[in-house]
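The values are calculated or read from the model by the stated rules, or taken from the named source; none is laboratory data. Please read these numbers as outputs of a predicted model, since none were measured by experiment. Don't worry about glycine lacking a Cβ; one is built from the backbone with ideal geometry, like all the others, and counts go over all protein chains shown. Heavy atoms of the whole protein, side chains included, go into the accessibility calculation; ligands, DNA and RNA do not. Shrake-Rupley method; radii C 1.70, N 1.55, O 1.52, S 1.80 Å.
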Amino acid sequence: MKSTIKISSLLFLTLLIFSCSTDDDGVDFIPENKNLNAERFINFEIGNSNFIVPQSAADIHLNFDYNYKGQSKVSKITLHAIAINVDPVQEGEKTYELKDYVVDDKYYKGKLNPNIHLHLFVDPEGKESPKFKAATGSYQFRIVVEHEDLSKAVILKEFSFVQKFKDIEVEIEEDGLEKELHIEFQYLTGSNTLEEIKYTLYHEESATEQKYKEILSETNIDFQDKKDPNVHFHVEWENEYPKGVYYLLLKVKETGEDEYVKLVRKFEAN
């Protein structure tokens, strides 16, 4: 009889401790597949605000604002990514995943309400020249924000890798003393047609600080009402443009869509 009472008391105490730990705003317990204080995460973009990442992209553009009304500053942000429903993996592809990625504290140190803007490489070793593409399909980010008072917030967000840009060529061509930037690709519109293409050209001034100087932006490239078009155009290359590393930002809008599909391509001018 005494033994039974001791076991029952121990079981009650264990349940009491576990119950208390789960009620403390996630201090000791975070459900693996549940949101916690998710209202703090706003203005999300993964690829774009429709959560579409082109398969040809070397990185994933991730952007959100963290809106916290308390007084405890952010102390750590951790990212996780898993596959949800991925198409059969083809040659030159891998299923994308990210485990326990700690965001550099330069984005949030000493802040209550930071803006987090990251570019996460699909192939961290290959970086801007990846050795593989992410397999198409749906994935999920799990983002955990921790505070100095040990409270936490968690949000789950799904996004998709979609094949949009195909056979991309970005290079400077010379004809005597004249130079042009050659840009060519096929854009896969799916059931839509093409409405608009924009591009912006940036020169990398500082690889360390990631500051870019916009040198050219154009909006009147006309490929309207075309399905899966082969896009080919040239940009006049001025002699005063500095040498070094450049980034070409392509933004494509399909009919019936509010958001642009974005792709960044790196190239060099010697």
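Output the number of residues of the stretch 13-54 satisfying the condition of being among the polar types (S, T, N, Q) and at pLDDT below 50. Quick ask: steps written out before the conclusion?
First, the residues of the stretch 13-54 that are among the polar types (S, T, N, Q): 14, 19, 21-22, 33, 35, 37, 43, 48-50.
Add one more test, that the residue is at pLDDT below 50, and what stays is 14, 19, 21-22.
Residues in the stretch 13-54 being among the polar types (S, T, N, Q) and at pLDDT below 50: 4 in total.
Within the stretch 116-139, how many residues turn out to be loosely packed, with under 12 Cβ neighbours inside 10 Å and outside any loop (DSSP other than H, G, I, E, B)? I'd like the intermediate steps shown before the answer.
Going through the stretch 116-139, the residues loosely packed, with under 12 Cβ neighbours inside 10 Å turn out to be 124-125, 129, 131.
Next cut, outside any loop (DSSP other than H, G, I, E, B) only: none.
Residues that pass the stated criteria total 0.
Go through the stretch 190-221 and report how many residues are modelled with pLDDT under 75 and either open to solvent by less than 100 Å² (accessible area, probe 1.4 Å) or acidic (Asp, Glu) (or both).
Keep residues of the stretch 190-221 that are modelled with pLDDT under 75, which gives 205-221.
Add one more test, that the residue is either open to solvent by less than 100 Å² (accessible area, probe 1.4 Å) or acidic (Asp, Glu) (or both), and what stays is 205-207, 209-210, 212, 214-219, 221.
Matching residues across the stretch 190-221 total 13.
In this structure, does GLU97 turn out to be open to solvent by 30 Å² or more (accessible area, probe 1.4 Å), more than 17 Å from ILE52 (Cβ to Cβ) and not small (Gly, Ala, Ser)?
Details: open to solvent by 30 Å² or more (accessible area, probe 1.4 Å): yes; more than 17 Å from ILE52 (Cβ to Cβ): yes; not small (Gly, Ala, Ser): yes.
When the stated conditions are applied, GLU97 passes them.
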Open item on the list: I'm checking my understanding of the structure. Among residues of the stretch 71-88 that are part of a loop (DSSP other than H, G, I, E, B) and within 22 Å of ARG142 (Cα to Cα), which one is least open to solvent (accessible area, probe 1.4 Å)?
Closed with: SER72
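Give the residue, chosen from ASN33, ASN63, ASN43, ASN113, that is assigned to a strand (DSSP E or B) and over 12 Å from the mean Cα position of the chain (by Cα).
Numbers: ASN33 fails: assigned to a strand (DSSP E or B); ASN63 fails: over 12 Å from the mean Cα position of the chain (by Cα); ASN113 fails: assigned to a strand (DSSP E or B).
Exactly one of ASN33, ASN63, ASN43, ASN113 is assigned to a strand (DSSP E or B) and over 12 Å from the mean Cα position of the chain (by Cα), namely ASN43.
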TODO: Give the residue that is surrounded by the most Cβ atoms within 10 Å (Cβ to Cβ), with candidates limited to residues of the stretch 156-189 that are touching a residue at least 24 places away in the same chain (Cβ under 8 Å), outside any strand (DSSP E or B) and out of contact with any Phe, Trp or Tyr (no Cβ under 7 Å at 6 or more places or on another chain).
DONE: THR189
Open item on the list: Contact list please: Cβ distance under 7 Å, first residue in the stretch 231-251 and charged (D, E, K, R), second residue crowded, with 17+ Cβ neighbours inside 10 Å and not in a loop (DSSP other than H, G, I, E, B), pairs at least six apart or on different chains.
Closed with: LYS251/LYS262
Open item on the list: Tally up the residues in the stretch 46-70 that are buried (at least 17 other Cβ atoms within 10 Å of the Cβ) and among the charged types (D, E, K, R), please.
Closed with: 1
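Could you please let me know if GLU91 is free of Cβ contacts under 8 Å to residues at least 12 places away in the same chain and either polar (S, T, N, Q) or open to solvent by 80 Å² or more (accessible area, probe 1.4 Å) (or both)? It would help to see each step written out before you state the result.
Numbers: free of Cβ contacts under 8 Å to residues at least 12 places away in the same chain: yes; either polar (S, T, N, Q) or open to solvent by 80 Å² or more (accessible area, probe 1.4 Å) (or both): yes.
The answer is yes for GLU91.
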